[in-house]
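Read the structure below first, then the notes.
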Amino acid sequence: MNEIAAPVTPLQVLTQVQIPVEGMTCAACQSRVQRALAKIPGVEQASVNLLAHRASVRFDPARVRAEDLVATIQRTGYEARLEAPIVDLVAEQEARDRADDAEYRDLRRKAIGSGVAGAVAMVASMPLMAPVAGAGGHGHGVQDITDPLMRWVMVTAHPALERVAPWLYAIDRQTLAWTLLLMTAVVMGWAGRHFYVRAWRTGRHGGADMNTLVAVGTGAAFLYSAVATAAPDIFLRRGLMPDVYFEAVILIIALILTGRAFESRAKRRTSGALRALAGLQPRTARVLREGVEHDVPVEDVLAGDLVRVRPGERLAVDGRVEEGTSSVDESMLTGESLPVYKQTGDLVIGGTVNGTGALAYRATTLGASSVLSQIVRLMRDAQATRAPIQDLADRISAVFVPVVMAIAIATLAGWWLFGGDGAIVRGFAAAVTVLIIACPCAMGLAVPTAVMVATGKGAELGVLIKGGDALQRTGELTTVVFDKTGTITAGRPVVTDTFWIDGEDAEDALARLTAVERASEHPLAAAVVAYAAARGIDGATVGPASHFQAHAGRGAQARVGDRAVLVGSARLLTEAGIASEALQPRADAWAEAGASVMFVAIDGRAIGLVGVADPIKPAAATVVARLRGLGVQVVLLSGDTPATARAIGVAAGIDDVVAGVLPEGKVAEIRRRQEGGAVVAMVGDGINDGPALAQADIGIAMGTGTDVAMAASDVTLMRGDLAGVPQVIELSRRTLHTMRQNLFWAFVYNVIGIPIAAGVLYPATGLLLSPIIASAAMALSSVSVVSNSLRLRQARIA
C-alpha cells in the first residue's frame, strides 16, 4: 500500500522592524498610518507611536518586504525610511538629539516671529473697528461684540491706543486692511507653511488630520478676510459688515506653534533615560595590539582585542576579564547601588565604571550585539509600542477630523438658518473656532507619553519593561507566582548545619568528608567543599580519596587515607548495614525546616549529619509583605517535596505553596488561576521556567545585567533583585492612573470645548468663543498632557 505524505507547511518566521515616520502631528495621523500598515497581507501586527515618531511592525518576510512597508507609509502622505543597524550608540543618539534640538529651535523661532506679528496685527486692526469709539468707517457697537476678548479690547485697549497713537487712526482703512493681508500671507507662508503642505499631502491621499483642521480654519478665515478687503461691497449690499480676521489667523498660528514648541521641549525630556543610557558608551577604547597600547574609536574594536581600563575609567565594550581585580559600578545599567567585584574570568559590561583596580579584558560582544546596545534597542522598541488602553483613543481618532469638519459645517449652517441678522458672520467665526479648538493631538499623546516616561523610570530602577502592553497588564496584576529555586532562594546550596557525635574529631571528619565530596559532581558536594574551605579545610591533610563510588540519588563512598567514608541518605546507610537511628530525630527536624540531610559514616559507624539548604534571599520576606500591601496574592511554585517547599514558604511569608510540580504542572497551575479570573505574573529565571513565563499574563525574568536574553519575557529585573517586582507593579499602576487622567482630560476638553466653540452658550450668555482663545486652549491641552506624564519621572517608588 502506497502512502502519500501530507504536504509540509513551512514554519512561519516573523520579523520585527522599527520604521521612523516623519510628519505625524496628531492621533489621526497615527491612526491613519497604523490602519494602512495593518491592511498589508503578511503584517501580523502594526503599532504606531506618535510621540516616538516610529512604526513597529511584525511581519512575515516571505509575504512582504520591509521596503513595501516604507512605501505604504509614504503613500499615506508621510515620510518614512529604514534605519541602519546601530553601530555607535553615542553618535546615533547625538544625531537624534541634534534633530530634536533643531526642530525645537525652528518651532520656537517661528512661534516668536508669528507672535510678534500677531501683536502688531492686533494693534493695527483696531482702527478697522473705529466706529465703536466714534471714528469714521464701519463696524459694530460694543453691545454687538460676543467675544469676551474682543469686548475687552474695544472697551479698554482701543480707547487707550487712540489716545497714544492717533496717527494710526489717520491711515486709510483700505491701506490698513491690505497691509494686514500682506503680513498674514507672509506669516502663513513662513511660520504656518507646514500646516498647509502636510494638510495638502494628507488630503491628496484621501486623509485628514490636525493639520487639515488648522489649514482649513485659518485658510477659510484668510480667504473670507481677503474678499472683505478686496470687495467689501459684496458684504455691504447684503447688509453685512466686511469684517476681517487677519490678526486672528496670525495669532492662531502663533499660539499653535507656541504649544508645539513647549510640547517638543517636554517630549524631549520624556526620553531622558534613553539618552542617559546611550551616553554611557565611551567614544574610544584603549586596546593592546602587538604589545603597544592604542586609543581607537570604539567602533574599531574587534572581538578578541585585549582592552585595558584604568581606575575610574568607563569600560568601552563588553568582555571577559583576563588580568587584574577591581570593583565595577554597574548601577547605571542594573540599578544595583553597590559595586560588583570582578576578577579573572568574570564578564564585564561596556558603559560601566571601573573602580580602584586596573583591568585587562578580552572584548566579546560588540556594536549592535553589546549589552548596552541591546538594552537601548529594547527600550526603544518598548517606547514604540502601544498600550491596550489606547484602543479607544485610536477608534475615536480614526473619525475625529471628519466629524469635527462636519460639526463646523453644521455650525455655519445652523447660524445662517437660525441666527437672525448678521448671523452668517458669527456663524463663520464659530465654524472657524470649532476647527481650531478641536485637538486630536492630546488624545494621541495621552498614552505614548506615559509609556515613554514610565519605561525610562523603570530603567532607572533596573527594570526593563517590554512595552506599553506589558506595562498596562503589570498594573492590572492580581497574583504573583514565584518559582522557588534561584528566585525566592539564592539558587546556590550552602551548608546550614553540622552535627557530630560526642567524642568525634569534627575537623578530621569534615576533612575526610571533603576529600570524598571533591570527587563528586553533585551540587550538594560543592556546598560541602565550599563550607570546609571557608574554615581552612581542604581535605588534602588526610590524603586523596580512592576507590570512589557514586550511588545515584543516594550518596557516595570512598577510602580516605586508611579509613572508609560513606556519605548520603539514611537509606544508603541502611543498605550498607550501618545503624543511624540515633541521628534520625535530628535529621527529621532539619528536613522539616527545608534542609537536605546527609548522613556521614566512617569505618561502618554513623558519626554525624550535614544539613544543606538553598537559603531564601534576604529581601524575600520584605518583598512578599510589600506585594500583600499592594493587594496582590503571592504563590510559591516548586518541584521540591512539600516539606521543603512549605519551609521556604514559611520563611518568606508565603501561605499559598504548591509543591512537587514539574514544568508542565507549573503551566497548568497558572492556567487554573487564570481561568478563575486572576491576572497572573510568573517570576522565574527565564530558562527552566520558560513555559510558565509564557503562560502567565506577565513573565518576569530574573536578570544579572549581562543576560539580555531575559528580554524574551515581558519584564526583566536587571539586577536580579526581588524588590523590582513590587516596584514595577507600583510604577505600572501609577502609569495606568496617569494614562486614564490624560485620556479623560483629552476627551473632556474636546467634548466641552467643541460645543462651546459652536455657540451653545450664546443663547444663555450672549457670548461666543474667539478663534484666538480656541487656539490657545488647543495648544494648552497638548502641553498639559505631556506635562502630566512627565510627573512620573519624579514618582517615588519604594
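So the values come out like this:
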{"quantity": "Every pair of residues 6+ apart whose Cβ atoms lie under 6 Å, when the first sits in segment 219-242 and is within 19 Å of residue 184 (Cβ to Cβ) and at pLDDT 75 or above while the second is basic (Lys, Arg) and not in a helix (DSSP H, G or I)", "calculated": "none"}
{"quantity": "Residue 471, sole failed condition from (1) open to solvent by 10 Å² or more (accessible area, probe 1.4 Å); (2) part of a helix (DSSP H, G or I)", "calculated": "(1)"}
{"quantity": "Evaluation of residue 577 against (1) within 17 Å of residue 611 (Cβ to Cβ); (2) open to solvent by 20 Å² or more (accessible area, probe 1.4 Å); (3) not β-branched (Val, Ile, Thr) (one fails), failing number", "calculated": "(1)"}
{"quantity": "Close pairs (7 angstrom Cβ cut-off, 6 or more residues apart or separate chains): at positive phi in segment 402-428, surrounded by 13 or more Cβ atoms within 10 Å (Cβ to Cβ) anywhere", "calculated": "422/240"}
{"quantity": "Residue 695 within 33 Å of the chain's Cα centre (by Cα) and at pLDDT 85 or above", "calculated": "no"}
{"quantity": "Residue in segment 776-793 that is among the charged types (D, E, K, R), open to solvent by 20 Å² or more (accessible area, probe 1.4 Å) and under 30 Å from residue 619 (Cβ atoms) present", "calculated": "yes"}
{"quantity": "Number of the exception - residue 678 against (1) at pLDDT 90 or above; (2) touching a helix residue (DSSP H, G or I) at 6+ places or on another chain (Cβ under 8 Å)", "calculated": "(2)"}
{"quantity": "Criterion: over 22 Å from residue 616 (Cα atoms) and open to solvent by less than 30 Å² (accessible area, probe 1.4 Å) - qualifying residue of 684, 665, 676", "calculated": "665"}
{"quantity": "Pairs, first within 12 Å of residue 109 (Cα to Cα) in segment 252-265, second among the charged types (D, E, K, R), C-beta under 8 Å, six or more apart", "calculated": "257/110; 261/108"}
{"quantity": "Test: residue in segment 324-347 that is at pLDDT 90 or above, under 15 Å from residue 373 (Cβ atoms) and open to solvent by less than 60 Å² (accessible area, probe 1.4 Å)", "calculated": "no"}
{"quantity": "Among (1) at pLDDT 85 or above; (2) surrounded by 24 or more Cβ atoms within 10 Å (Cβ to Cβ); (3) in contact with a Ser or Thr (Cβ under 8 Å, 6 or more places away or on another chain); (4) not acidic (Asp, Glu), the one test that residue 735 misses", "calculated": "(3)"}
{"quantity": "Residues of segment 585-609 that turn out to be within 55 Å of the chain's Cα centre (by Cα) and over 16 Å from residue 644 (Cα atoms), as a count", "calculated": "4"}
{"quantity": "Matching residues, segment 591-606, being buried (at least 19 other Cβ atoms within 10 Å of the Cβ) and not in a loop (DSSP other than H, G, I, E, B)", "calculated": "596, 597, 598, 599, 600, 601, 602, 606"}
{"quantity": "Residues (in a helix (DSSP H, G or I) and free of Cβ contacts under 8 Å to residues at least 12 places away in the same chain) located in segment 35-64", "calculated": "38"}
{"quantity": "Count - residues of segment 433-467 that are within 23 Å of residue 772 (Cα to Cα) and at pLDDT 85 or above", "calculated": "4"}
{"quantity": "Close pairs from segment 731-757: first under 17 Å from residue 786 (Cα atoms) and among the aromatic types (Phe, Trp, Tyr), partner open to solvent by less than 50 Å² (accessible area, probe 1.4 Å) and not in a helix (DSSP H, G or I), Cβ under 7 Å, at least 6 apart", "calculated": "749/439"}
{"quantity": "Total residues in segment 511-522, condition in a helix (DSSP H, G or I) and polar (S, T, N, Q)", "calculated": "1"}
{"quantity": "Any pair with Cβ under 6 angstrom, 6 or more apart, that starts in segment 526-549 at a residue that is free of Cβ contacts under 8 Å to residues at least 24 places away in the same chain and under 16 Å from residue 610 (Cα atoms) and ends at one that is surrounded by 15 or more Cβ atoms within 10 Å (Cβ to Cβ) and acidic (Asp, Glu)", "calculated": "529/517"}
{"quantity": "Condition check for residue 276: open to solvent by 10 Å² or more (accessible area, probe 1.4 Å) and at pLDDT below 75", "calculated": "yes"}
{"quantity": "The one condition in (1) open to solvent by 40 Å² or more (accessible area, probe 1.4 Å); (2) in contact with a helix residue (DSSP H, G or I) (Cβ under 8 Å, 6 or more places away or on another chain); (3) not hydrophobic (A, V, I, L, M, F, W, C) that residue 211 fails to fulfil", "calculated": "(1)"}
{"quantity": "Scan of segment 607-633 for residues that are open to solvent by less than 10 Å² (accessible area, probe 1.4 Å) and part of a strand (DSSP E or B), ordered by number", "calculated": "607, 608, 609, 610, 611, 612"}
{"quantity": "Some residue of segment 314-325 being outside any loop (DSSP other than H, G, I, E, B), hydroxyl-bearing (Ser, Thr, Tyr) and out of contact with any Phe, Trp or Tyr (no Cβ under 6 Å at 6 or more places or on another chain)", "calculated": "no"}
{"quantity": "Some residue of segment 115-134 being out of contact with any strand residue (DSSP E or B) (no Cβ under 9 Å at 6 or more places or on another chain), open to solvent by 60 Å² or more (accessible area, probe 1.4 Å) and at pLDDT below 80", "calculated": "yes"}
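Results for (1) closer than 25 Å to residue 390 by Cβ; (2) among the aliphatic types (A, V, I, L, M); (3) more than 16 Å from the chain's Cα centre (by Cα), shown as yes or no for each residue.
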site	(1), (2), (3)
726	no, no, yes
733	yes, no, no
736	yes, yes, no
752	yes, yes, yes
764	no, yes, yes
785	yes, yes, yes
793	yes, no, no
796	no, no, yes
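The values are calculated or read from the model by the stated rules, or taken from the named source; none is laboratory data. The structure presented is a predicted model; accordingly, all values stated were derived computationally and were not measured. Ideal geometry is used to build each Cβ from the backbone, glycine not excepted, and the neighbour counts take in all protein chains shown. Areas reflect the complete protein model, heavy atoms only, side chains present, ligands, DNA and RNA absent. Shrake-Rupley method; radii C 1.70, N 1.55, O 1.52, S 1.80 Å.
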